[in-house]
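Reading through the structure tokens given below for one structure.
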Amino acid sequence: MSTIESEWFVVRSKPRREEYAQRQLIRRGVETFLPRIAERGKARRGEPVVSPLFPGYLFARLDLETQYTSVIWTPGVHSMVSFGGTPVPLETEVLDFLRRRCGSHGLIVATPRFEPGQEVRVVDGPLAGLHGIVQERVSGRARVRVLMELLRRRTQVTLPLDLLESVAS
């Protein structure tokens, strides 16, 4: 296979079958890339939870003319991302950016934006301007539980991360 004719495409896997589809594509001689993310705050016993960065998708480098049929009939593959019925190649810059972020093992290590005990300020919404202390992350939904002083009582409030900023100590 000549790499000059090959381009990167986005492959949609069957639900929760990204790694299986990747193994099967590799067996068929297709170069793949499956970026994954390790999230520390979600795991039991301190071990990070590793999952696909883009659930249900992976990248495959192939010659569309000669390998398309083989790819779409690969076990674990649902389809290729297409527009107007035609798979569209991914820009090389996008893939290069993801590879740089992932490192040699294809793994991005996510570090929480706010740590428990950190002082934060609400920057928008009805609580804008109020300060609080981060208690914990909430179920991986880009939210944190913040302890705030409201009406002379300490109250736990769950807020989206994008409404908060760190207060310099």
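The values are calculated or read from the model by the stated rules, or taken from the named source; none is laboratory data. These numbers come from a predicted model, not from an experiment. All Cβ positions, even for glycine, are placed from backbone atoms using ideal geometry, and neighbour counts span all protein chains on display.
How about the range 55-76: which of its residues are in a helix (DSSP H, G or I) and in contact (Cβ under 8 Å) with a residue 24 or more places away in the chain?
The answer is L64, E65, T66, Q67, S70, V71.
Can you work out which of the residues in the range 26-43 that are closer than 22 Å to R113 by Cβ, surrounded by fewer than 16 Cβ atoms within 10 Å (Cβ to Cβ) and basic (K, R) is modelled with the highest pLDDT?
If we take residues in the range 26-43 being closer than 22 Å to R113 by Cβ, surrounded by fewer than 16 Cβ atoms within 10 Å (Cβ to Cβ) and basic (K, R), then R40 is modelled with the highest pLDDT.
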